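Visitor: Just dropping this structure here.
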Amino acid sequence: MSIGCSARGRCAVPPAAAALLATSVLLGSSLAGGAAAAAERLYVSDETGGNVVIVDPEQQRVVARIAVGKRPRGIQISPDHSKVYVALSGSPIGGPNVDESKLPPPDRRYDGIGVVDLASQKLIHTYQSGADPETFALSHDGKVLYVSNEDAGQMSAVDLTTGKVRGMVAVGSEPEGVAVSDDDRTVYVTCETSNSIYVVEARSMKVLAQIPTGKRPRAIYLSSQGHRGYATDEFAAALTVFDSNDFKAVTTIELGDPGVVRPMGIASTDGRKLYVTTGRFGALLEVDSESARILRTVDKVGQRPWGLALSRDGRKAYTANGPSGDVSVIDVPSGRVEARIQVGGSPWGIVSAPWKAVADGRREVPPEGGIWKAVVPPKETMHGEFDNSDAIGLTAGVRIKADCSINWVDPDAGQLYCFSSATSLVVFLEAPQAYLERARVQWRRLARSG
């Protein structure tokens, strides 16, 4: 069975193939026992507890608690979903109503980027990162971390191949939010007390421009739609909209009373609808980027929601609520808070990822069986990329041989990819290029390991 797709990625499914896909999906559902609903994990940094907490949002429970070091804040997951990176800091915790002159001096021995292996659920390494790392962004090729060094007023680039800081650049005071352009050539960093975004060339680590913002910019989001970027301005209760082509501010989206609404985190799946946490205001805002207006306010999300993540399909939003020590699960279509999951400590950052790569420290997809073998095609008929291995199986780090009777041809590159079941193909067609990127990473890893 071959599925044909246009250059725009639209796929035509023949009637016979559609019947097989439908049958396979039913078989997969039966075998998986509802795995689709539980196919996600949340990774939460607990600033006061010194942990990375793994949460199952479907079962509404903590799966694991991993000690990582002092003051974990910014958190990201590797492209192959095998590791979590987390910013650690030896600087004492300040914040609202804290007299910082009475705080103890920072202990730089505890600064760094911790690396958590999700298979073993252990901290396996800590990279040097410059002083007081707060947040960071990972290049799309997974090779470099760009880190905001809050106390030092710098941004550092950590080469994950060598494990060393390959460059630093002075930016504004109290840098925080970091984002990397789609082509990995440009890095943006918000600077809280400079009220600006610094634009840095990734290769040379030279400042290209400064973009003025409202008061106290915090998080940053880059959209592929119309070359736009957005920064949350905490003390201005606004979003600064800027052009990522000419590095100039375009407009401001007002979000309410600056004395009440405190924009913090920002996320989006498509660049059209933006979701913004509001700190002490306790709400999640849904903002239309084109009309520059608030579409909806989800009230009483939690106490001081800060970190924000969206599910892959955009139907769930997750917020890290520091003072209340919990994570909120919000159903986006209805705007309803479905659950508040206690994680303890002070949740700061949060990231979501599919559960296919690692499940509670064990490989979820076995070498044989499972939904990937819901359909068994005839043997030795065609030849495809990855030595005929199922592309979806590879994203989970498992080689599953296929005969290519179920396949997909990349309309741009003309390469043929094989699948051991129609269920695999159905999943793959949700996001072909994203799955191929993960499969290539795992294929190289498996080739190295023999």
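Visitor: Quick one: in region 144-167, which of the residues that are hydrophobic (A, V, I, L, M, F, W, C) and within 24 Å of the chain's Cα centre (by Cα) is farthest from Pro79 (Cα to Cα)?
Guide: It comes out as Met155.
Visitor: Can you tell me which residue within region 278-336, out of those that are charged (D, E, K, R) and assigned to a strand (DSSP E or B), is farthest from the chain's Cα centre (by Cα)?
Guide: Arg293
Visitor: Exactly one of these conditions fails for Phe386: (1) on the phi < 0 side of the Ramachandran plot; (2) touching a Phe, Trp or Tyr at 6+ places or on another chain (Cβ under 8 Å). Give me its number.
Guide: (1)
Visitor: Evaluate the following for Ile113: is it under 16 Å from Asp159 (Cα atoms), without any contact (Cβ under 8 Å) to a residue 60 or more places away in the chain and within 21 Å of the chain's Cα centre (by Cα)?
Guide: It is true that Ile113 is under 16 Å from Asp159 (Cα atoms), without any contact (Cβ under 8 Å) to a residue 60 or more places away in the chain and within 21 Å of the chain's Cα centre (by Cα).
Visitor: Something else: So in region 287-308, with the set limited to residues that are among the charged types (D, E, K, R) and in contact (Cβ under 8 Å) with a residue 24 or more places away in the chain, which one is surrounded by the most Cβ atoms within 10 Å (Cβ to Cβ)?
Guide: Top of the filtered list is Arg304.
Results for (1) at pLDDT below 95; (2) surrounded by 21 or more Cβ atoms within 10 Å (Cβ to Cβ); (3) in a loop (DSSP other than H, G, I, E, B), shown as yes or no for each residue.
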| site | (1), (2), (3) |
| --- | --- |
| Gly4 | yes, no, no |
| Val25 | yes, no, no |
| Ser29 | yes, no, no |
| Ala35 | yes, no, yes |
| Ala38 | yes, no, yes |
| Pro72 | no, yes, yes |
| Val84 | no, yes, no |
| Gly90 | yes, no, yes |
| Val98 | yes, no, yes |
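Visitor: As an exercise: evaluate Ala283 against (1) at pLDDT below 95; (2) touching a strand residue (DSSP E or B) at 6+ places or on another chain (Cβ under 6 Å) and give the number of the one condition it does not meet.
Guide: (1) is the only condition that Ala283 fails.
Visitor: Report, by residue number, each residue of region 415-427 that is surrounded by fewer than 23 Cβ atoms within 10 Å (Cβ to Cβ) and either closer than 18 Å to Asp387 by Cβ or assigned by TED's automatic domain parsing to the domain that holds Thr269 (or both).
Guide: Gln415, Leu416
Visitor: Starting from residues that are buried (at least 17 other Cβ atoms within 10 Å of the Cβ) and more than 17 Å from Arg166 (Cα to Cα), keep the ones in region 120-131 and report whichever is modelled with the highest pLDDT.
Guide: Leu123
Visitor: Right, next: Quick check on region 155-174. Is at least one of its residues crowded, with 18+ Cβ neighbours inside 10 Å, under 30 Å from Asp299 (Cβ atoms) and among the aliphatic types (A, V, I, L, M)?
Guide: Looking through region 155-174, none of the residues is crowded, with 18+ Cβ neighbours inside 10 Å, under 30 Å from Asp299 (Cβ atoms) and among the aliphatic types (A, V, I, L, M).
Visitor: Out of Gly344, Gly370, Gly271, which single residue is of a type in the set (Gly, Ala, Ser), modelled with pLDDT under 95 and outside the structural domain of Val250 (by TED's automatic domain parsing)?
Guide: Only one candidate qualifies: Gly370.
The values are calculated or read from the model by the stated rules, or taken from the named source; none is laboratory data. Just so we're clear, the structure is a prediction, and the values are computed from it rather than from any experiment. Cβ coordinates were reconstructed from backbone atoms using ideal geometry, including for glycine residues, and neighbour counts include every protein chain displayed.
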